[in-house]
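Let me begin by presenting the structure, written as structure tokens, before commenting on it.
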Amino acid sequence: MESIIKRFDHQVICGIVESGSKVLDLGCGNGDLLHLLAEQSGVKAQGVELNNDAIHACVEKGLSVFHSDIDSGLPYYPDQSFDYVILNQSLQEAKKVETVISEALRVGKKVIIGFPNFAHLEARIRIFFGGRAPIVSSLPYEWYSTPNLRFLSIKDFKSFCRIKGYKILAAHFLDSQGQVRVLPNLFAQNAIFVITR
């Protein structure tokens, strides 16, 4: 089910990014999304990744990827040098969330942020009735092996943007079937926001 949700994430993001855009993907993993954007939309794609195996997978796909930790900021990139900066399924793993988002907004005109919704109904039920950290399709890890450092909901992220003065340009909410249009904080497993300053 995780691959289905990821595919929906990728489809939505490909629908957001205009053809020929300059794109930087922070925490790009094995490069599947960047490769798809380059193939489908002809974007000028660049990634930043910390994991060496993931970098090798990106290089095998012909992608340009820099080995760096996004928590350290993006000092080598000038202001507004990308049309889009993407943080898809990597924000919840960041140690310095405010720095990462601020830097993404500095180097990109728009920032696309996708993350698992920790307030999803299935997760709530598993915590309430099971009394344990939930393992669900969008959160498939045991508490001791999860890469997630942050546990945020859709409401949390909207509140964060309001406090920081970031403008939400678009929001998409997903489950294993596609878009969620009713009570997304309860029913969506993943969220994708497009923000700007």
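The values are calculated or read from the model by the stated rules, or taken from the named source; none is laboratory data. Here the structure is a predicted model, which is why all the values come from computation and not from measurement. Cβ placement follows ideal geometry from the backbone for every residue including glycine, while neighbour counts extend to all protein chains displayed.
A few remarks follow.
- Subset of the range 129-187 (residues that are modelled with pLDDT under 90 and on the phi > 0 side of the Ramachandran plot): 131, 178
- The range 10-32 residues that are closer than 13 Å to residue 84 by Cβ, paired with ones that are β-branched (Val, Ile, Thr) and assigned to a loop (DSSP other than H, G, I, E, B) (beta carbon under 9 Å, 6 or more apart): 17/43; 18/43; 19/43; 20/43; 21/43; 22/43; 23/17; 23/43
- Residue match in the range 48-64 (condition: touching a strand residue (DSSP E or B) at 6+ places or on another chain (Cβ under 7 Å), in contact (Cβ under 8 Å) with a residue 12 or more places away in the chain, closer than 17 Å to residue 192 by Cβ and buried (at least 16 other Cβ atoms within 10 Å of the Cβ)): no
- Test: residue in the range 26-33 that is part of a helix (DSSP H, G or I), of a type in the set (S, T, N, Q) and either at pLDDT 90 or above or over 12 Å from the mean Cα position of the chain (by Cα) (or both): no
- Scanning the range 112-132 for residues that are under 27 Å from residue 14 (Cβ atoms) and either in a loop (DSSP other than H, G, I, E, B) or of a type in the set (Phe, Trp, Tyr) (or both) gives 115, 117, 118, 119, 120.
Residues checked against (1) touching a Leu at 6+ places or on another chain (Cβ under 6 Å); (2) at pLDDT 95 or above; (3) closer than 14 Å to residue 115 by Cα; (4) assigned to a loop (DSSP other than H, G, I, E, B):
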{"site": "62", "(1), (2), (3), (4)": "no, no, no, yes"}
{"site": "66", "(1), (2), (3), (4)": "no, no, no, no"}
{"site": "71", "(1), (2), (3), (4)": "no, no, no, no"}
{"site": "77", "(1), (2), (3), (4)": "no, no, no, yes"}
{"site": "80", "(1), (2), (3), (4)": "no, yes, no, yes"}
{"site": "83", "(1), (2), (3), (4)": "no, yes, no, no"}
{"site": "87", "(1), (2), (3), (4)": "yes, yes, yes, no"}
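- Filtering the range 174-191 to residues that are outside any loop (DSSP other than H, G, I, E, B) and crowded, with 22+ Cβ neighbours inside 10 Å leaves 174, 175, 184, 190, 191.
- Selection count, the range 89-111, where residues are among the hydrophobic types (A, V, I, L, M, F, W, C), out of contact with any helix residue (DSSP H, G or I) (no Cβ under 6 Å at 6 or more places or on another chain) and either at pLDDT below 95 or part of a strand (DSSP E or B) (or both): 2
- For residue 88, the criteria (1) over 16 Å from residue 195 (Cβ atoms); (2) crowded, with 19+ Cβ neighbours inside 10 Å hold in every case but one, which is (1).
- Test: residue in the range 52-75 that is under 13 Å from the mean Cα position of the chain (by Cα) and of a type in the set (Phe, Trp, Tyr): no
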